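The values are calculated or read from the model by the stated rules, or taken from the named source; none is laboratory data. All of these numbers come straight from a predicted model, not from anything done at the bench. Positions of Cβ are backbone-derived with ideal geometry, glycine not excepted, and every protein chain shown enters the neighbour counts.
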Amino acid sequence: MKNLLTQGKMIFTGLGMMAMLLGTAGQSEAVPTFFVNNPSTNSVDWTNSATGLGGLINTNINFEAHAAGGAALINNFYAATDGVTFSSTGQFSGIHNTAGPADGNTSGSQPGEGAHGVSNTLITGPFVPGGGYMPGVNTTLTISFDQAVLGVGLFTVDKFGGSTSMFLQAFDGVNGTGNLLGQGVAVNQNFQLNNLYYMGVTDVSNVIRSVRLIHNGALTGDRIGIDNIQFATSAAAPVPEPSTMLLLGSGLVGLIGYRIKKVRR
């Protein structure tokens, strides 16, 4: 009888654990947090959020190993090493080893997170070495991940003012597909010449599969640089899908039933 009671407790414990995990897997997703409103600390705030969620931060997407000199962005350059791919619309002048577009409208300029040093940088719109006015164009850069991530962030260089000129969107599907999880809007401030402004997002649900940076350059006559893309992956083991839990639960019940029969014999 004692053995039967023990086996019964095992059944209820196993079924309780299965119900708890199924309930966790079925919970609604949290709203993502965007880091766009504090130009001098956005990157630090994003880093603290990502690591606070247990994220491991990848900083490899900096274009330093990518061909420069105006070379076109290779969409799958980081696919094999980091699981990251790109897609884009609008005009990009390619990767340049530069401090930034240097468009030169410094009226009311803010330092943001400081001046961008010379490095390989993706430039939107037509590019003139050393700066000079050129019309801006509307561009989007979509960054996709081969697994869900906790957060993504990137630096823009030489952003001109305009509260509706730049957006960061997060999706739960690759290439900007699936559900739009949320959107961050750039602050209405000027970060020229070649100053850094950071935009980032984190999501405790760990469901981000792509982010899209939208720059309405034609609205402001502006070009920007994009550099040092970061993303955070979860260090924790993923929660099993409901179907997997049902299989595990069925196997657990079957195993306990076999043990009870064996004890009875």
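Structure data summary
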quantity: Residue within the stretch 203-212 that is under 21 Å from T47 (Cβ atoms), out of contact with any strand residue (DSSP E or B) (no Cβ under 6 Å at 6 or more places or on another chain), of a type outside the set (D, E, K, R) and surrounded by fewer than 24 Cβ atoms within 10 Å (Cβ to Cβ) present; calculated: yes
quantity: Criterion violated by G178 - all others in (1) assigned to a loop (DSSP other than H, G, I, E, B); (2) at negative phi; (3) at pLDDT 95 or above satisfied; calculated: (2)
quantity: Of all residues in the stretch 128-143 being over 21 Å from V211 (Cβ atoms) and of a type in the set (A, V, I, L, M), the one that is modelled with the highest pLDDT; calculated: V128
quantity: Residue list for the stretch 221-230, restricted to those being touching a Pro at 6+ places or on another chain (Cβ under 9 Å) and surrounded by fewer than 23 Cβ atoms within 10 Å (Cβ to Cβ); calculated: G221
quantity: Which numbered condition T233 misses (of (1) under 21 Å from F145 (Cβ atoms); (2) touching a Pro at 6+ places or on another chain (Cβ under 9 Å); (3) not small (G, A, S)); calculated: (2)
quantity: Count of residues meeting criterion [exposed (fewer than 14 other Cβ atoms within 10 Å of the Cβ) and among the aromatic types (F, W, Y)] in the stretch 36-62; calculated: 0
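Here is a yes/no grid of residues against (1) touching a Leu at 6+ places or on another chain (Cβ under 9 Å); (2) under 16 Å from A218 (Cβ atoms); (3) buried (at least 16 other Cβ atoms within 10 Å of the Cβ):
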| site | (1), (2), (3) |
| --- | --- |
| A80 | no, no, no |
| H116 | yes, no, yes |
| P129 | no, no, no |
| S144 | no, no, yes |
| V157 | yes, no, yes |
| G161 | no, yes, yes |
| G184 | yes, no, yes |
| Q192 | no, no, yes |
